[in-house]
Every structure is written in structure tokens, then in C-alpha cells.
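What follows is a set of notes on a single structure, which appears directly below.
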Amino acid sequence: MKYSMIPTTLLLLWLSVFNGVTTALTVTAGDKDSVCAATSQIIKGMLDYYDGSEYGGVVGMFKLPYYWWEAGEAFGGLINNWYYCQDTTHEELIYASLMAQRGENYDYIPSNQSLTEGNDDQSFWGFAVLEAMERNFTNPPDDQPGWLALGQAVYNTIWARWDKDNCNGGLRWQIFTWNKGYDYKNTISNACLFNIASRLARYTSNDTYAETAKTVYTWLTESSGFITLENGAYSVTDGAGIANNCSGISPEKWTYNYGILMAGCAYLYNYTEDQKWSDEVDKYVQGISIFLDSNNVMYEQQCQSSQKGCTNDQRSFKSIFSRCLAATAQLVPAQSDYLMKILDASAEAAAQSCSGGSDGVTCGLNWAYSGWDGNRY
Ligand SMILES: *[C@@H]1O[C@H](CO)[C@@H](O)[C@H](O)[C@H]1NC(C)=O
Ligand SMILES: *[C@@H]1O[C@H](CO)[C@@H](O)[C@H](O)[C@H]1NC(C)=O
Ligand SMILES: *[C@@H]1O[C@H](CO)[C@@H](O)[C@H](O)[C@H]1NC(C)=O
Ligand SMILES: *[C@@H]1O[C@H](CO)[C@@H](O)[C@H](O)[C@H]1NC(C)=O
Ligand SMILES: *[C@@H]1O[C@H](CO)[C@@H](O)[C@H](O)[C@H]1NC(C)=O
């Protein structure tokens with residue numbers, strides 16, 4: 001039951017932006033008050049898994065098996081809820097968490113996460129501070145780095161790891177040599193850097209970030225072989241080991257890769273006003289049909305329908321995917337109607353799944369299932 005609580009919560013959280021959902025929690029479509037009442041309820045449930053308010057707990061972390069990176073993902077969603085619902089209930093908790101996890105060098109590489117933290121993990125905390133920056137969430141005091149400076153530190157440290165020596169460029173998955181996956185270059189790490197650089201370019205109007213974004217993007221789409229175009233739709237795969245020049249690509253396709261790349265293109269489109277980026281957005285929009293059922297309800301096709309099922313990490317991917325679709329819908333008006341159709345259908349389906357667990361509002365993993373699926377699917 002606990003496994004999909006965070007992801008679904010996040011989906012519902014950003015939903016407060018646009019319109020309503022019908023749910024096991026009583027919500028009226030299009031009625032912001034009822035949506036925000038529901039997200040408030042769901043956040044309460046999510047915080048059952050939060051450690052930081054308890055004696056011996058860690059501020060900014062959820063209990064195991066939720067890794068550090070998923071906390072970053074959750075706090076990004078909480079900032080959205082703070083902003084769209086004008087709900088200050090958890091403001092202190094969010095603030096304390098963003099501060100507590102900054103790490104010794106104010107770059108979201110706390111030394112005590114060095115056994116789990118990869119470029120993608122660091123990026124998810126980067127997304128949270130960029131969210132705080134874009135939403136004008138209360139900044140730290142003047143004598144300490146603000147959200148922008150923290151976001152820039154995340155960017156600076158990740159970009160410094162760009163690895164020209166293998167596969168013609170690209171980031172490795174891992175930061176530290178001792179972690180499994182140091183010899184693997186994956187789409188997610190590079191997509192995250194692309195997204196972060198695009199957002200910093202848009203926010204600061206400093207072209208250096210846009211140049212980096214383009215370098216990363218060119219490597220991903222033209223050199224790595226991880227992303228290919230098929231009939232106007234991008235196909236985005238997982239990554240490859242560096243041993244054979246990044247040949248032997250792992251073919252798995254995950255929602256979050258599509259979403260993070262799509263949104264990165266949307267930020268660049270907003271910043272540059274260059275049609276090229278709107279066209280790029282469209283190729284991901286075409287590509288995501290593989291994640292939709294006939295009712296436009298999203299699912300993690302790689303694992304949800306498989307015997308093996310989804311891991312704890314994979315269960316959360318639909319959340320950042322949803323938030324990226326929402327950002328794109330705002331930044332690229334031409335895509336808005338279609339993306340909102342997907343988000344509406346998925347939100348309604350997700351909400352009706354929130355009727356399980358011991359609190360009666362735990363959400364399911366399979367949103368096409370009628371009621372709570374017990375996370376079996
Ligand atoms: C890790 O270090 C941070 C400070 O950087 C601290 O707030 C946190 O409690 C520590 N986390 C754990 C799991 O010990
Ligand atoms: C944040 O503050 C700036 C400066 O006051 C303002 O231009 C911007 O619109 C604000 N952004 C949001 C999302 O409220
Ligand atoms: C733009 O960003 C780059 C990269 O962080 C930095 O080196 C440079 O000083 C910035 N330029 C300006 C004008 O702030
Ligand atoms: C590795 O692959 C890239 C792009 O596919 C190619 O440009 C490069 O020449 C290859 N390098 C080696 C050493 O084979
Ligand atoms: C960029 O996005 C902002 C909203 O965040 C919007 O007001 C502005 O019109 C957009 N610019 C373009 C060129 O679409």
C-alpha cells in the first residue's frame with residue numbers, strides 16, 4: 001500500500017493547478033477549493049511516511065524504502081501545492097527540508113548520501129529548489145545561498161561531470177566511482193541536466209545555460225543513440241554502458257524521461273521563442289502515446305503490465321511525468337488541449353483509486369483499475 005502513495009500524491013498535487021478530479025476523496029471537477037481540500041488530505045497521508053518530525057527522524061527524508069531522491073521529488077510537489085492552493089500549512093516543513101538536505105557545500109551532495117546519490121538523484125533536489133525559485137517560495141536569509149544559487153550549484157557540479165572521454169560526451173549515471181552504474185550513461189541523468197540548464201536560462205536570461213542545454217540535447221538526440229525519431233515520434237530508451245562506446249543500448253522506455261525532456265524543450269521554447277523547440281516538444285508529445293490507454297489514462301507500460309512489476313523508484317515516475325506535462329501545457333499553448341486531456345483523464349482515474357490502505361485514502365498504482373488495486377498491478 002505504501003509504495004504508490006507518494007507518486008499519486010504528487011500527481012494530485014500539481015493538479016490543483018488546473019482543475020478538478022473526482023475521487024474517493026470528495027472533489028468536484030474544476031472546483032479548486034475541493035481539489036485543494038483533497039490534496040491537503042493526501043498530503044496528510046503522505047506525511048505518515050515522513051520521518052523528520054519525529055524524535056530521531058531526519059528532516060527532509062521519508063522512511064525507508066523511500067530513497068533520498070524521492071524526497072526531493074515529493075518536496076517539489078509540495079511546493080506546487082503551496083503555490084497553487086495558497087496553502088501555507090506545510091511551509092515550514094518544506095523550508096526546513098530544502099535547507100537540511102543542502103549538504104556541506106550547498107549543492108545537494110550531502111556526504112551522508114554518497115552511497116546512493118547519482119546525477120539524477122541530485123537533480124531531483126535541484127528540481128525542488130528551481131521550483132522554489134520559480135514560485136518565489138520564501139528564500140533563505142541573505143547571508144546564505146538562495147534557491148537560485150542552490151540551483152546554480154547543482155547545475156555547476158553536474159555540468160563539471162560532463163564526460164568527453166567516453167561515448168563522445170554525456171554524463172555517467174553515478175557521481176561516485178564506488179556506486180553501481182558509474183560505468184553507465186543514462187538518459188535520465190542527461191535529461192535532468194538539460195531540463196535544469198533550460199530553466200536556468202529562462203530564469204536568468206544567461207545564454208551560457210542555453211548553450212549547455214543545447215550541447216546536452218545534441219548529444220542525446222544525435223550522438224548517443226538513446227533517442228530516435230520514428231514517424232514524427234521520439235522513442236526514448238534508458239541508456240548504455242560505456243564499455244563499447246555506448247552501443248548495446250538498454251531499450252526500456254520510462255515516462256519520466258519523456259516528460260523531463262519535453263518540459264526542457266518547453267522552457268527553451270519559452271526562452272528563445274524559436275519554433276525549433278516547439279517542434280521538439282511535439283515529437284515527445286507524439287511519443288508518449290505508448291504510455292496511454294484508450295481513455296488517455298497514463299501507465300508505466302514498461303513495468304505496470306509485466307509480471308515483475310514496478311520497483312519502488314519506478315512507481316514514482318508518473319508523478320514527475322505529470323508535472324512536466326503540466327509545465328509544458330502552460331509554456332507551449334499549442335499542446336495545451338491535448339496534454340490537459342491526458343492529465344484530466346489520468347487525474348480522475350488516479351483519484352478514484354485512492355480508496356485503499358489503512359487510512360482509506362491510499363492510492364493505487366494502476367489507475368485504470370476500478371478502485372484501489374492493492375498495488376498488485
Ligand atoms: C545527513 O546530513 C544532513 C546534513 O547535511 C543532516 O541534516 C541529516 O540528518 C543527515 N542524514 C542522515 C540520514 O543522517
Ligand atoms: C516572483 O517574483 C517576481 C519579482 O517580484 C515576479 O516578477 C514574478 O512574477 C513572481 N513569480 C511568481 C510565480 O509569482
Ligand atoms: C552566466 O552563467 C555562467 C555559468 O554559470 C557564468 O560563468 C557567467 O558568469 C554568467 N554570466 C553572467 C553575465 O552572469
Ligand atoms: C563512438 O560513437 C560515436 C557516435 O556514435 C562516434 O562518433 C565515435 O567515433 C565512436 N568512437 C569510437 C572510439 O568508436
Ligand atoms: C513564457 O511563459 C510565460 C509564463 O510563464 C508567459 O507569460 C510568456 O508569454 C511566455 N513567452 C512566450 C514567448 O511564449
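The values are calculated or read from the model by the stated rules, or taken from the named source; none is laboratory data. All values reported here derive from a predicted model rather than from experimental measurement. All Cβ positions, even for glycine, are placed from backbone atoms using ideal geometry, and neighbour counts span all protein chains on display. For accessibility, only protein heavy atoms count, side chains too; no ligands or nucleic acids. Shrake-Rupley method; radii C 1.70, N 1.55, O 1.52, S 1.80 Å.
The three principal axes of the Cα atoms in the chain give end-to-end lengths of 54, 52, 41 Å, sorted in falling order.
Between Phe176 and Asp33, the FRET efficiency estimated from the beta carbon spacing at R0 = 51 angstrom works out to 0.65. Working note: Debye formula, equal point scatterers on the alpha-carbon atoms of the stretch 175-236, no solvent; log10 I(q)/I(0) at q = 0.18, 0.19, 0.23 Å⁻¹ is -0.74, -0.79, -0.95.
Heavy-atom accessible area with a 1.4 Å probe sorts Val59, Val154, largest first, into Val59, Val154. Of the residues Arg202, Arg161, the one with the largest accessible area comes first in the ranking Arg202, Arg161, computed with a 1.4 Å probe on protein heavy atoms. In angstrom, the C-alpha Rg and Dmax of the stretch 301-377 are 13.8, 43.
Solvent-accessible surface of the stretch 269-368, taken per residue with a 1.4 Å probe and all protein chains present: 39 Å².
About the centre of its Cα atoms, the stretch 6-352 shows a dipole size close to 460 debye [charges on the beta carbon of Lys, Arg (+1) and Asp, Glu (-1) only; nearest 20 debye].
Computed over protein heavy atoms with a 1.4 Å probe, the carbon and sulfur contribution to the accessible area of the stretch 266-325 reaches 37%. By the rule of a second cysteine Cβ within less than 4.7 angstrom, the chain holds isolated cysteines at Cys192, Cys265, Cys324. Rolling a 1.4 Å probe across the protein heavy atoms gives the stretch 134-255 an accessible surface of 44 Å² per residue. Each residue of the stretch 330-347 is assigned a 3J(HN,Hα), and the resulting list reads 7, 8, 10, x, 4, 9, 4, 4, 5, 5, 5, 4, 5, 5, 4, 4, 5, 5 Hz, derived from the Karplus form 6.51 cos²θ - 1.76 cosθ + 1.60 (θ = phi - 60°), x at Gly and Pro. Taking all protein chains together and rolling a 1.4 Å probe, Leu93 ends up with roughly 30 Å² accessible.
Along the stretch 266-279 the Karplus relation, 6.51 cos²θ - 1.76 cosθ + 1.60 evaluated at θ = phi - 60°, assigns HN-Hα couplings of 5, 4, 5, 4, 4, 6, 8, 6, 8, 4, 3, 6, 5, 5 Hz to successive residues, with x for each Gly and Pro.
Ordering Ile249, Ile42 by accessible surface, largest first, gives Ile249, Ile42; the 1.4 Å probe counts only protein heavy atoms, with every chain in place.
Just want the answer: with Cβ charges of +1 for Lys and Arg and -1 for Asp and Glu, which residue in Asn270, Gln301, Asn81 is farthest toward the dipole's positive end in the stretch 6-352? The one lying farthest along the dipole's positive direction is Gln301.
Computed with every protein chain present, the accessible area of Trp173 is close to 80 Å² [probe 1.4 Å].
Per-peptide packing, taken as the mean over residues of other Cβ atoms within 10 Å, places 94-105, 284-295 in the sequence 94-105, 284-295 from highest down.
Over all directions, average the projected area of the Cα convex hull of the stretch 51-184 and note it in nm². If you can, show how the numbers build up before the last one.
Details: hull surface 36.0 nm².
That works out to 9.0 nm², a quarter of the Cα hull's surface.
Site pair Ser53 and Met99 shows an inter-label distance of 1.8 nm when each label is modelled 7 Å from Cα along Cα→Cβ. Summary of the geometry: the stretch 183-222 and the stretch 230-279, compared by the centres of their Cα atoms, lie 11 Å apart.
In this simple spin-label approximation, Asp337 and Leu292 carry label points 7 Å from Cα along the Cα→Cβ vector, and these lie 1.3 nm apart.
Measuring only protein heavy atoms, the 1.4 Å probe finds Trp372 accessible over about 80 Å². Each residue of the stretch 116-123 is assigned a 3J(HN,Hα), and the resulting list reads 10, 7, x, 4, 5, 4, 4, 5 Hz, derived from the Karplus form 6.51 cos²θ - 1.76 cosθ + 1.60 (θ = phi - 60°), x at Gly and Pro.
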